[in-house]
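Please treat every number below as a calculation from the coordinates, not as lab data. Because the structure is predicted, anything quoted here is derived from the model rather than measured. We place every Cβ from the backbone using ideal geometry, glycine too, and count neighbours over all the protein chains shown.
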Amino acid sequence: MNPADELVDVIDDAGRTVGVVTRAHMRVKRLPHRCTYVLVFNGRGELFIHLRTPTKDVYPSHWDVCIGGVVAAGESYSEGVIREVREELGIEASPMELFPFRYADERSVVQGMVYRLDHEGPFRLQPEEIVRGEFIPLGELTARAEREPFCPDGMEVVRQYLAHGRG
């Protein structure tokens, strides 16, 4: 199925589903929806980052610090996160739930759940979504983001993760 045709729950401020639309319609109308965000760390505490393909519907050709994405219509966060990890990294894993997350900018309005996954790889990266990926020391992230485009929602996830006393 074309990602633009995937069905997505539209939610209200309380997170209740108020409608179901295609992903394309959700993007065009900037409708609030659910997403999962997974911070993937290796045993050295390095964060996995990946370069998004130029065909992504938001933040194309940006680096992202989180695996994850839009939760499908009727799907729970826990179901969505396992599906996203399987699709994007090619592994079976159950990330640890950390905290709820809200984000809005000119492109999207999101209520999400942030997770942590400890995994060394190797990964089978999804070629439709990911160009390449690498682990980097968390302390290098800010300098890297000053030189290259990063997804702003993922950077906010990291900021809140560190504010929660993690990292």
* Structure fact -> At the level of C-alpha centres, the distance separating region 1-74 and region 126-167, in angstrom, is 16
* Rough spin-label spacing in nm, given labels placed 7 Å along Cα→Cβ, for residue 159 and residue 99 -> 1.3
* If you stretched the chain out fully between residue 55 and residue 140, how much longer would it get, using 0.36 nm times the residue separation minus the C-alpha to C-alpha distance? -> 27.9 nm
* Among 115, 151, 51, which residue has its Cα positioned farthest towards the positive end of the charge dipole of the chain, with +1 placed on the Cβ of Lys and Arg, -1 on the Cβ of Asp and Glu, and the dipole taken about the Cα centre? -> 151
* Subtracting the Cα-Cα distance from 0.36 nm times the residue separation, let me have the gained length for residue 4 to residue 83 in nm, one decimal. => 26.7 nm
* Distance (nanometres) between label positions extended 7 Å along Cα→Cβ at residue 28 and residue 16 -> 2.8
* Roughly how many debye, to the nearest 20, is the charge dipole of region 3-163 about its Cα centre, given +1 on each Lys and Arg Cβ, -1 on each Asp and Glu Cβ, and no other charges? -> 240
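One quarter of the convex hull surface, Cα atoms only: what value does that give for the chain in nm²?
So the mean shadow area of the Cα hull is 9.1 nm².
With viscosity set to 1.306 mPa s at 10 °C, what whole-number translational diffusion coefficient in µm²/s follows for region 38-109 from Stokes-Einstein and a Kirkwood radius over Cα pairs?
This corresponds to a translational diffusion coefficient of 117 µm²/s.
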